[in-house]
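These notes are about the structure you will find just below.
The values are calculated or read from the model by the stated rules, or taken from the named source; none is laboratory data. Here the structure is a predicted model, which means the values were calculated and not measured. Neighbour counts run over all protein chains shown; Cβ positions are idealised from the backbone, glycine included. With ligands, DNA and RNA removed, areas are computed over all heavy atoms of the protein, side chains included. Shrake-Rupley method; radii C 1.70, N 1.55, O 1.52, S 1.80 Å.
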Amino acid sequence: MDDSNAQRRVSVSLFDVADPAAPALLDRESFGENWSWSNAFYDVKALTVLDDTLIVPFSGWNETSGGYERLQFLSYTHDTLDLRGYVDLQGGVLRSLQYGDAYYGVTSEQVAEITGPDMDHLAVTNKVALAENISDVQEVAPGVLAEVITRYDTADVLVRLVNADGDPLGELGLQVPSVQQTFLQGSTLVLLGIAWDTKTYVSRY
């Protein structure tokens, strides 16, 4: 952890251990916004070490956009570390790997394919959902259901319309951090949620 500047951020450090009695810090890179942490702290397999690349999963929080789940890429040599690109994923990152020209992130909710022209410009180019937290389902029209999906890491809600066979018809993301109740008012779907106001430190509906 890098706890400088009144923040706690994830850091990667490179040490020279040629003399085990006197390890020397060669380089260090910190990343994340305001506050961040990594499940690699307690799950060593969450950290991926390739020939010249490190892939570090971490979670973070900022007051502007809320929480996020991220994969940070770093290049390394015998004595240097360099921050490269990153991608945001949905769900806590469990594993990452490289296969061919692409990287993959496996989270608690999805498998994401990550590609780019170089290590500084990476993006999620394909993904498959594994699991979602469906808080409620409402029939908004005959044969049309609205699935209310709570996403805790991004502190928002996804409302997805599906037909009777479960095929998606459309979706909309809403800034509702915590859904308490959903109900229909005529043809309108109403979501009641609670948000934490970081300025007044009180809950608001």
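Quick notes on this one:
- Looking at the chain, the accessible area is 59 square angstrom per residue; that uses a 1.4 Å probe and ignores ligands, DNA and RNA.
- Dividing the mean sequence gap of close Cα pairs (under 8 Å, 6+ apart) by how many residues the stretch 110-157 holds gives a relative contact order of 25 percent.
- Rounded to 0.05, the FRET efficiency of the THR188 and ALA123 pair, given R0 = 25 Å and the Cβ-Cβ distance, is 0.10.
- Estimated from the Cβ-Cβ distance and a Förster radius of 35 angstrom, the FRET efficiency linking ALA22 and LEU94 is about 0.45.
- Under 5 Å from the amide H of ARG95 lie the amide H atoms of VAL106, each residue being 5 or more positions distant or on a separate chain, with H modelled from the backbone and absent for Pro and chain starts.
- For the peptides 20-27, 156-163, the ranking by packing is 156-163, 20-27, with the highest mean count of neighbouring Cβ atoms within 10 Å listed first.
- For ASP27, the residues whose modelled amide H falls within less than 5 Å of its own, excluding neighbours fewer than 5 places apart on the same chain, are LEU14.
- Taking the three principal axes of the alpha carbon atoms in the chain, the coordinate ranges are 73, 46, 27 Å, sorted in descending order.
- Here the stretch 35-154 has 54 percent of its accessible surface on carbon and sulfur atoms, given a 1.4 Å probe and all protein chains in place.
- At full extension, SER13 and VAL111 could sit 32.5 nm farther apart than now, given 0.36 nm per residue minus the alpha carbon distance.
- Taken one residue at a time, the phi angles of the stretch 132-141 give Karplus couplings (6.51, -1.76, 1.60, θ = phi - 60°) of 9, 8, 7, 6, 7, 9, 10, 7, 8, 7 Hz. Gly and Pro are set to x.
- Remark: the stretch 107-122, residue by residue, has Karplus-estimated 3J(HN,Hα) of 10, 6, 10, 7, 10, 10, 8, 10, 9, x, x, 7, 5, 8, 10, 9 Hz, where x stands for each Gly or Pro and the curve is 6.51 cos²θ - 1.76 cosθ + 1.60 at θ = phi - 60°.
- A cut-off under 13 angstrom between Cβ atoms defines the neighbours of ILE134, and their net charge, with Lys, Arg +1 and Asp, Glu -1, is -3.
- Remark: the stretch 88-95, residue by residue, has Karplus-estimated 3J(HN,Hα) of 9, 10, 9, x, x, 6, 9, 8 Hz, where x stands for each Gly or Pro and the curve is 6.51 cos²θ - 1.76 cosθ + 1.60 at θ = phi - 60°.
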